Structure formats: C-alpha cells, structure tokens
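Q: Submitted below is the structure of interest, expressed as structure tokens.
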Amino acid sequence: MKPRLPDTSTLALWPLVERYAQYMRGRRFKEKSIRGSSAALHRFCAFMAGCGRGHIAEVTAPDLQAYQSHLLDLEASTQQNYLVNARQFFRWLETTGQLFENPATRLVIPRRRRKLIKPPTESQVALLLEMPDTSKAPGLRDRAWLELAYATGARRIEMFRLNVRDLDLQQGLVRLFGKGDKERLVPLGSQAKHWLTRYLAEARPKLLKAKETPALWLSSHGGGPLGYEAIQQQLRTLTRKAGLPASLLTPHNLRRACATHLLDHGASPLMLKELLGHERTATLSHYLRQTIADVRATHRRSAPGR
C-alpha cells in the first residue's frame, strides 16, 4: 500500500509547483501531462519537507540523491517518471531566474529499457490487406489507405491530413506532413499506386456525393472527410474480420511493420529515417533491436550443434 502523502497546504515548496503548472498551461501542455507532473512533484515536495527544506535554494545535490534512493522501492518506470519531472522542474526554476544554482544538473536518471513490441508479420499484414470488400466503394477506399499506410509507414495523423493534391501517381510519390508540419516526399510502391489509382477513379467519386472537399479519404456517410478516429475504428473492424488480435494491428503497428519488414529485406537505416520522417537514426533503435532479436531467434532455431 502506498504511503499517504501530506496535504499540499503543508508543503513549503508547493506554491512553486503551482506556478510551474501555470507555466505548462501557458505553453499549451496537455492537462493530463500537467496533472501527472504535479502528482510526481507532490511526492518530491513531501520528501523535501521531511528533510526540513523550507526554501528551494536549500535543496542540494545530496538531497536529490537521497530522494532517488527513497524511490528505489517503486517500479522502474515510476522512478524514472518522478526523477524526470524533478529535473525538468529544476530546469524551469533555473531558466526563469528563481534558482542561482541547479542541483539537479548532475542527477543521473537510469534509462529504462523499452519492452520490444512485436510488429505484425508479413503474412499477417497480407491477410489484413485482403479483408476489405473491394467490390464496394468503402472497401476499395480501405484497401487503398491500408496499402498506403503499409508502404510508407505514415502516421495516422499524416494519413488523416492527406489531400488529393498530395498524391503524384505519375511519379509514384506522396507528400506527407509530419510532426511540426515538416513535409517529406515518400515513394508509394506499385501496390499502393495500383489501389490508389482504382480508389480515385472508381470509389472516391461515389463517396464524394457531389460535394467538394480536397480530403483524400472520404466517409461513406455524407461524403465528408473520413474522421481521425474512424481510421482506427475501421482498422479494428478489419482486424477482427481477419481473426487477428486487436492489439496487434493498430495504425502505429502498421508503421512498425513497414519499418521492420524493410529492415528485414536489407533497407538502410538512413533510408528508413527519411521514409519515416525521423530526425535522428537513434530513433530507429527500437526497430533495429527487433530485427536483431529476430536474427538471434532464427539462429537459436537453426544453428548446428544446438
């Protein structure tokens, strides 16, 4: 059972946390993130009150090391969350001139090894791609966006933002707008190009219902753009139809499948970085770890003398 933390009114450092929360709101942080940060800093303030620290300038580096030791009984992910929030809090205090010396500068936060998320196999993706009924307009639309998502590794928000003018089927390219509205051109591949061509010629005019919209993906109800959540819901429906676990095939797992399968077939991490819209190749470490894990598993199964 978790120990009960004291009321915030008894904590000398809590008014600073409230000002920090106001700062986060001013920077348009999500309310969930602000609540999480405040909860983590509540524990920090309670610990410092127990150490007799009545002013933030009294908190020292050894105090923070003692706080880190105090958290050792918690889950590794919880420890990391509390320590990261404390470090960010002190960074804000320093940059806003409320603290002359930042004691959290040398706070070492152990990195938590992320659990490998198994992406769908090529055969599972192939099964999913066969699920839409392409004899009907909605099914043809679904086959087209599934093919595009798998071929390009596009994020769900990037799929949602697509307009017809973002496609260049003659060149086999699509323009995607990623995080921070960063634009990149991505090759489509022959299958995605084929199904997009059919969708634009046969299905989209029927779904449009004489309306005018530049959106690429259209709802089967009313001819408006296909909603952001509707993409997720339709994928769940097709996954159930294929008899696959709902957690296995999500928009982001299609992105993981694209990356992992390309690496399996010899794609360069540098090429993959450009395709997925990552700024650093280090971001691909998860996919590389997954590929290495598969190599090890294959080696264990097939190595002579085992």
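Laboratory data are not the source of any read-out in this text; all were calculated from the coordinates shown. None of the values given here were measured: they were computed from a predicted structure. Reconstructed Cβ throughout: ideal geometry from the backbone, glycine too, with neighbour counts over all protein chains shown.
Q: Which of the three applies to region 129-177, rounded, prolate or oblate, going by the alpha-carbon gyration tensor with a ≥ b ≥ c and a/c under 1.5 meaning rounded?
A: Prolate is the answer for region 129-177, as a/c is 1.5 or above and a/b outweighs b/c.
Q: So, R0 is 51 Å and r is the distance between the beta-carbons of residue 121 and residue 69; what FRET efficiency does that work out to, to 0.05? Don't skip to the answer; put the middle values down first.
A: Values: r = 44 Å, r/R0 = 0.86.
Given R0 = 51 Å and the Cβ-Cβ separation, E is 0.70.
Q: Right, another one. Provide the net charge surrounding residue 239, with neighbours chosen by a C-beta distance below 13 Å and charges set as Lys +1, Arg +1, Asp -1, Glu -1. Can you show the working numbers first?
A: Values: positive: 236, 240, 241; negative: 130, 142.
Net charge in that neighbourhood comes out at +1.
Q: What is the extension gain from residue 27 to residue 236, computed as 0.36 nm multiplied by their sequence separation minus the C-alpha to C-alpha distance, in nm to one decimal? Write down the numbers at each step before the final one.
A: Details: separation 209, 0.36 × 209 = 75.24 nm, distance 3.43 nm.
Here the segment from residue 27 to residue 236 would lengthen by 71.8 nm.
Q: Based on the alpha-carbon gyration tensor of region 8-95 and its eigenvalue square roots a ≥ b ≥ c, which shape applies: rounded if a/c is under 1.5, prolate if not and a/b is larger than b/c, or oblate? Intermediate results must be reported in sequence, preceding the final value.
A: On the way: a/c = 1.70, a/b = 1.21, b/c = 1.40.
In terms of gyration-tensor shape, oblate.
Q: Nothing charged except the Cβ atoms of Lys and Arg (+1) and of Asp and Glu (-1): what's the magnitude of the dipole of region 94-167 about its Cα centre? Round to the nearest 20 debye. Present the calculation step by step, with values, prior to reporting the outcome.
A: Values: 14 positive and 9 negative charges, 68 e Å.
Using Cβ point charges on Lys, Arg, Asp and Glu, region 94-167 gives about 320 debye.
Q: Take peptides 124-137, 15-28, 246-259 and line them up by average Cβ neighbours within 10 Å, highest first, as a rough protection proxy.
A: Values: 124-137: 16.6, 15-28: 13.6, 246-259: 19.1.
The most tightly packed comes first, giving 246-259, 124-137, 15-28.
Q: Per residue of region 16-30, what does 6.51 cos²θ - 1.76 cosθ + 1.60 with θ = phi - 60° give for ³J(HN,Hα)? Whole Hz please, x for Gly and Pro, Karplus curve as stated.
A: Listing the rounded values in order: 5, 5, 5, 5, 5, 4, 5, 4, 4, 5, x, 8, 6, 5, 5 Hz.
Q: When only DSSP loop residues count, what trypsin sites (Lys or Arg not before Pro) in region 72-111 have their Cβ near at most 10 other Cβ atoms within 10 Å?
A: Numbers: sites: 87, 91, 106, 111; in loops: 106, 111.
Sparse-neighbourhood loop trypsin sites (Lys or Arg not before Pro): 106, 111.
Q: Is region 183-269 best put as rounded, prolate or oblate by its Cα gyration tensor, with a ≥ b ≥ c the root eigenvalues, rounded for a/c under 1.5, and otherwise prolate when a/b is larger than b/c, oblate when not? Mind showing how you got there, number by number?
A: Working: a/c = 2.24, a/b = 1.41, b/c = 1.58.
It is oblate, given that a/c is not under 1.5 and a/b is not larger than b/c.
Q: If you don't mind, there's one more thing I want to ask. At a 10 Å Cβ-Cβ cut-off, how would you order 231, 109, fewest neighbours first? Spell out each step's value before the answer.
A: Details: 231 18, 109 15.
Sorted ascending by nearby Cβ count, the order is 109, 231.
Q: Most exposed first by the Cβ proxy, i.e. fewest other Cβ within 10 Å, how do 92, 14 rank?
A: On the way: 92 16, 14 19.
By the 10 Å Cβ count, ascending, the order reads 92, 14.
Q: Pop a pseudo-label 7 angstrom from the Cα along the beta-carbon direction at both residue 101 and residue 170 and give the gap in nm to one decimal.
A: Label at residue 101, label at residue 170, 6.8 nm between them.
Q: Moving on to the next point. In the structure displayed, which of 30/179; 118/241; 136/209; 136/241; 136/193; 211/241 lie more than 23 Å apart, Cα to Cα?
A: Working: 30/179 16 Å; 118/241 21 Å; 136/209 15 Å; 136/241 16 Å; 136/193 19 Å; 211/241 31 Å.
From 30/179; 118/241; 136/209; 136/241; 136/193; 211/241, over 23 Å: 211/241.
Q: Using the Cα centre of region 8-95 as origin and beta-carbon charges of +1 (Lys, Arg) and -1 (Asp, Glu), tell me which of 22, 88, 52 is placed farthest towards the positive end of the dipole.
A: Towards the positive end, the residue furthest out is 22.
Q: On to the next question. State, to one decimal in nm², a quarter of the convex hull surface area for the C-alpha atoms of region 165-228, i.e. the direction-averaged projected area. Write out the running numbers ahead of the final one.
A: On the way: hull surface 19.7 nm².
Reported value for the Cα convex hull: 4.9 nm².
Q: Can you compute 3J(HN,Hα) from phi for each residue in region 187-194, using the Karplus curve 6.51 cos²θ - 1.76 cosθ + 1.60 with θ = phi - 60°, rounded to whole Hz and x for Gly and Pro?
A: x, 8, x, 5, 5, 4, 4, 4
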